Amino acid sequence: MASFEEVGEGLVPKFTDWMSARDALRDIREEGSRESHKVAVLGKQLVEKYASKLGDEVWVVHEQVIPSALDIGDHHTAEACYKALHHKFPGSTRVKRLEGLLLEAKEEYDDALALYTDILEKEPTNLLIAKRRVTIQKARGETVAAITELIKILEIYMTDIESWNELADLYISEHSYEKAAFCLEELILANPHNYLNHQRYAEVLYKSLFAILKEQLIVLMPQGNTSLQL
Amino acid sequence: SSTRVYIMMHYSVSAKAYGKIIFHCAKYPHRAVNGVLIGTISKKDNSVQVQDCVPLFHAKLDLTPMLEVALTQVEIYAISKGLSIVGYYHAKPQLDDSSLTDTIKSIGSKISQNSDVSCVLMVDNRKILTSHNELAVKMFINQEQTNQWKEQRNISLMGGDPVMSLLIKAVENGIFQKLIDFDNHLDCVDADWTNPSINKFIEELKEQ
């Protein structure tokens, strides 16, 4: 039979040359897609061995590698990239946020929260930092707190798609289908051509209609019907 | 009717079933994933063999329309293989949370109405790929009389530790990326959620 390596051909990212690595990372930055393993493997080689070839782009690559390396558990590379950025841009809030990510990855949530609160005191309108607070609450399973925080963010940034998406998911997990529907309506208004939002909206409506139907049927058929359990 | 003494059944999980659960988790490490367990029940031996599993979703786990479609199709597939649906697995995105939610309990209960047995396997995220001799799942059984879900330890992997090491090696070689779940199938109907090539790969692994 085929070896592991043969079957896994092309599935594990491999560094070939610095130019294709640089281009791959550029494409991923543009698309905003989450390909952490690829970015971590290719980016690590770039920053460690080909930094001089990248010019000014080198710092954006350092920044890109950090969350990806953390995603695959490579804390060592993430720390190294952070140190390089911190050395180059000592007072930067953008770099401080990356320090927060490192703390979150180590599950030192209280320290991360303190760092973010600090930044928000000086920059109360920093949306990215405000969202990190929500992420920590989510990681800790504090769904209700995350919802409250997201609502506060949306009161200021009413057009932030990412927040509406996140809030819809949180409401669905709490079975608050009407509120989830409201969020999805905002998303549909923002991007009427995105069929995924219409699909989610339909499924939420189905679930909330089903709940109403179930209640009515229970009134009509008091003995209960086990097929209604979902 | 008279009360029945609750007899603990032993669950054994095949490499194919366990492997695909692990692959599903590895493919979507930042999301909740779930799926259905199919297999055979041996009342004589008081045991359940989880022969296979069908990975279902990595998004919208709490919404029912597609779940109902999936369960119907999986049931037809199971019957065609002489198997039945025997349980459900679920992995949460939070690292340390393997508790049952109301949705999970109702899915588990729904399955146990149509089958003689049903278990819920909650993935223990800390143990995936780190433990070579312990299953990274917690099994919960619905005790009929009390309608409560209790954790049971009576579960083992067919083939034991050697199989576990091979599955871990498969993940390290990126093979989990080939796994198809029902969500992938909904995006592109050509995608086959019965995963014949991964099944074949795991079968061949065991023969090594």
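The values are calculated or read from the model by the stated rules, or taken from the named source; none is laboratory data. These numbers come from a predicted model, not from an experiment. In this analysis, Cβ positions are derived from the backbone assuming ideal geometry, glycine residues included, and neighbour counts consider all displayed protein chains. Ligands, DNA and RNA are excluded from the accessible area calculation, which covers all protein heavy atoms including side chains. Shrake-Rupley method; radii C 1.70, N 1.55, O 1.52, S 1.80 Å.
In region A:121-146, what residues are among the β-branched types (Val, Ile, Thr) and open to solvent by 30 Å² or more (accessible area, probe 1.4 Å)?
Across region A:121-146, the qualifying residues are A:THR125, A:THR135, A:THR143, A:VAL144.
Of all residues in region B:130-164, which are open to solvent by less than 50 Å² (accessible area, probe 1.4 Å) and over 26 Å from B:ASP116 (Cα atoms)?
If the condition is that a residue be open to solvent by less than 50 Å² (accessible area, probe 1.4 Å) and over 26 Å from B:ASP116 (Cα atoms), then B:SER131, B:GLY160, B:VAL163, B:MET164 are the ones that fit.
Taking region A:28-46 on its own, how many of its residues are away from chain B (no Cβ under 14 Å), open to solvent by 20 Å² or more (accessible area, probe 1.4 Å) and in a helix (DSSP H, G or I)?
Qualifying residue count for the region: 5.
Does region B:59-83 hold any residues that are more than 14 Å from chain A (Cβ to nearest Cβ) and of a type in the set (Ser, Thr, Tyr), and which are they?
If the condition is that a residue be more than 14 Å from chain A (Cβ to nearest Cβ) and of a type in the set (Ser, Thr, Tyr), then B:TYR77, B:SER80 are the ones that fit.
Is it fair to say A:HIS175 is within 30 Å of B:ASP96 (Cβ to Cβ), in a loop (DSSP other than H, G, I, E, B) and open to solvent by 70 Å² or more (accessible area, probe 1.4 Å)?
yes
Of all residues in region B:180-208, which are buried (at least 20 other Cβ atoms within 10 Å of the Cβ) and aliphatic (A, V, I, L, M)?
Of everything in region B:180-208, those that are buried (at least 20 other Cβ atoms within 10 Å of the Cβ) and aliphatic (A, V, I, L, M) turn out to be B:ILE180, B:ILE198, B:ILE202, B:LEU205.
With the structure loaded, tell me whether B:LEU121 is at pLDDT 85 or above, within 15 Å of the chain's Cα centre (by Cα) and within 20 Å of B:LEU83 (Cα to Cα) or whether it fails that test.
Against the criterion (at pLDDT 85 or above, within 15 Å of the chain's Cα centre (by Cα) and within 20 Å of B:LEU83 (Cα to Cα)), B:LEU121 qualifies.
Given the criteria of a type in the set (Lys, Arg) and touching a Leu at 6+ places or on another chain (Cβ under 7 Å), does B:LYS44 qualify?
Criteria not met by B:LYS44.
Would you be able to tell me the number of residues in region B:45-58 that are within 19 Å of B:LEU179 (Cα to Cα), more than 14 Å from chain A (Cβ to nearest Cβ) and not aliphatic (A, V, I, L, M)?
Adding up the residues that qualify gives 4.
Suppose we filter A:GLU162, A:GLU149, A:GLU155 for residues that are away from chain B (no Cβ under 14 Å), under 30 Å from A:GLU203 (Cβ atoms) and open to solvent by less than 30 Å² (accessible area, probe 1.4 Å); which single one remains? Before the answer, list the steps.
Numbers: A:GLU162 fails: open to solvent by less than 30 Å² (accessible area, probe 1.4 Å); A:GLU155 fails: open to solvent by less than 30 Å² (accessible area, probe 1.4 Å).
Of the residues listed, the single one that is away from chain B (no Cβ under 14 Å), under 30 Å from A:GLU203 (Cβ atoms) and open to solvent by less than 30 Å² (accessible area, probe 1.4 Å) is A:GLU149.
So which pairs qualify, if the first residue must be in region B:87-109 and within 11 Å of chain A (Cβ to nearest Cβ) and without any contact (Cβ under 8 Å) to a residue 40 or more places away in the chain, the second must be in a strand (DSSP E or B) and of a type outside the set (A, V, I, L, M), the Cβ gap must be under 7 Å, and the two must be at least 6 apart or on different chains?
B:SER109/B:ASN142
Report yes if some residue within region A:191-207 is surrounded by 15 or more Cβ atoms within 10 Å (Cβ to Cβ) and of a type in the set (Gly, Ala, Ser); otherwise report no.
Looking through region A:191-207, none of the residues is surrounded by 15 or more Cβ atoms within 10 Å (Cβ to Cβ) and of a type in the set (Gly, Ala, Ser).
Condition first: within 19 Å of A:LYS14 (Cα to Cα) and of a type in the set (A, V, I, L, M). Now tell me which residues in region A:55-83 satisfy that.
Across region A:55-83, the qualifying residues are A:VAL61, A:VAL65, A:ILE66, A:ALA69, A:LEU70, A:ILE72, A:ALA78.
Give region B:159-191 a look and list any residue that's in contact with an Asp or Glu (Cβ under 7 Å, 6 or more places away or on another chain) and in contact (Cβ under 8 Å) with a residue 60 or more places away in the chain, or say none.
Matches in region B:159-191: B:ILE180 only.
Return the total of residues in region A:2-24 being open to solvent by 40 Å² or more (accessible area, probe 1.4 Å), small (Gly, Ala, Ser) and assigned to a helix (DSSP H, G or I).
Matching residues across region A:2-24 total 1.
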